[in-house]
Amino acid sequence: SLADVQWWETEHGRIPEKAVVLVHTGWGRFWTNYDRYKNQDVHGTLHFPGVSKEAAEFLVTDRDIRGMGIDTLSIDPGTSKDFAVHHVLNKARRYALENVANLDQLPSRGFDLIIAPIKVEHGTGGPTRIFAVMPRANP
């Protein structure tokens with residue numbers, strides 16, 4: 001939510017322009033159990049956390065982020081029917097990274113990302129390797 005983003009900035013400082021925001025929901029802990037990971041009910045609706053439209057708009061407009069990643073199946077909540085966060089990011093020509101692993105192993109800030117997508121001709125998305133590059137500690 002937007003309130004979560006504002007709380008994060010209170011604790012860790014303002015999100016810099018051109019940042020990639022990674023959303024660690026903790027959902028990645030279910031990765032090895034796909035049924036639990038997608039959390040689909042008897043009606044076929046998926047239930048997992050995502051980003052709110054208001055938070056996405058704030059991050060794109062007020063923080064000028066370059067992209068967003070999350071440790072769930074989608075940047076939109078599983079119950080979404082309109083995929084508002086996808087629309088916000090796509091309209092602003094920002095990218096989304098989904099199913100991002102190991103977010104629990106990263107600090108809150110202060111590292112670089114290398115994002116290496118596989119080119120899929122005429123595709124709207126595809127697999128990506130994501131590397132977090134940590135600053136070298138002084139010896």
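The values are calculated or read from the model by the stated rules, or taken from the named source; none is laboratory data. Because the structure is predicted, anything quoted here is derived from the model rather than measured. Neighbour counts run over all protein chains shown; Cβ positions are idealised from the backbone, glycine included. The protein model used for the area step is the full one, side chains on, heavy atoms only, and it has no ligands, DNA or RNA in it. Shrake-Rupley method; radii C 1.70, N 1.55, O 1.52, S 1.80 Å.
Only one entry of ASP112, ASP82 meets the criterion of being among the charged types (D, E, K, R) and within 22 Å of MET134 (Cβ to Cβ), and that entry is ASP112. Scan region 92-112 for residues that are over 14 Å from ILE70 (Cα atoms) and not in a loop (DSSP other than H, G, I, E, B) and jot them down. Once the filter is applied, which keeps residues that are over 14 Å from ILE70 (Cα atoms) and not in a loop (DSSP other than H, G, I, E, B), region 92-112 yields only ASP112. So for region 70-91 (the condition being over 12 Å from the mean Cα position of the chain (by Cα), small (Gly, Ala, Ser), modelled with pLDDT of 95 or more and not in a helix (DSSP H, G or I)), does at least one residue qualify? So far as region 70-91 goes, yes, one or more of its residues are over 12 Å from the mean Cα position of the chain (by Cα), small (Gly, Ala, Ser), modelled with pLDDT of 95 or more and not in a helix (DSSP H, G or I).
A quick yes/no check of all residues on (1) in contact with a Pro (Cβ under 8 Å, 6 or more places away or on another chain); (2) small (Gly, Ala, Ser); (3) without any contact (Cβ under 8 Å) to a residue 12 or more places away in the chain; (4) surrounded by 19 or more Cβ atoms within 10 Å (Cβ to Cβ):
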position: GLY50; (1), (2), (3), (4): yes, yes, no, yes
position: GLU54; (1), (2), (3), (4): no, no, no, no
position: GLU57; (1), (2), (3), (4): no, no, no, no
position: ASP62; (1), (2), (3), (4): no, no, yes, no
position: ARG66; (1), (2), (3), (4): no, no, no, no
position: LEU73; (1), (2), (3), (4): no, no, no, no
position: LYS81; (1), (2), (3), (4): no, no, yes, no
position: ASN90; (1), (2), (3), (4): no, no, yes, no
position: GLU98; (1), (2), (3), (4): no, no, no, no
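Pairing residues of region 103-122 that are closer than 20 Å to THR72 by Cα with residues that are open to solvent by 100 Å² or more (accessible area, probe 1.4 Å) and in a loop (DSSP other than H, G, I, E, B), at Cβ distances under 7 Å and at least 6 apart in sequence or on separate chains, gives LEU103/HIS24; ASP104/HIS24. Scanning region 41-77 for residues that are touching an Asp or Glu at 6+ places or on another chain (Cβ under 6 Å) and polar (S, T, N, Q) returns a single hit, SER74.
When region 1-34 is filtered for residues that are over 17 Å from GLY50 (Cβ atoms), in a loop (DSSP other than H, G, I, E, B) and among the hydroxyl-bearing types (Ser, Thr, Tyr), only THR32 remains. Name the residue that is farthest from ALA92 (Cα to Cα), counting only residues in region 50-69 that are in a loop (DSSP other than H, G, I, E, B) and either in contact with a Phe, Trp or Tyr (Cβ under 6 Å, 6 or more places away or on another chain) or of a type in the set (Gly, Ala, Ser) (or both). Checking each candidate, the answer is GLY50. Of all residues in region 100-125 being over 23 Å from GLU57 (Cα atoms) and of a type in the set (Gly, Ala, Ser), which is most open to solvent (accessible area, probe 1.4 Å)? Ranking the qualifying residues of region 100-125, first place goes to ALA101.
When GLY44 is tested against (1) surrounded by fewer than 18 Cβ atoms within 10 Å (Cβ to Cβ); (2) within 18 Å of VAL5 (Cα to Cα); (3) among the small types (Gly, Ala, Ser), only condition (2) is not met.
Every residue, every condition in (1) surrounded by 14 or more Cβ atoms within 10 Å (Cβ to Cβ); (2) without any contact (Cβ under 8 Å) to a residue 40 or more places away in the chain; (3) in contact with a Pro (Cβ under 7 Å, 6 or more places away or on another chain), yes or no:
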{"site": "LEU2", "(1), (2), (3)": "yes, no, no"}
{"site": "LYS18", "(1), (2), (3)": "no, no, no"}
{"site": "VAL21", "(1), (2), (3)": "yes, no, no"}
{"site": "TRP27", "(1), (2), (3)": "yes, no, yes"}
{"site": "LYS38", "(1), (2), (3)": "yes, no, no"}
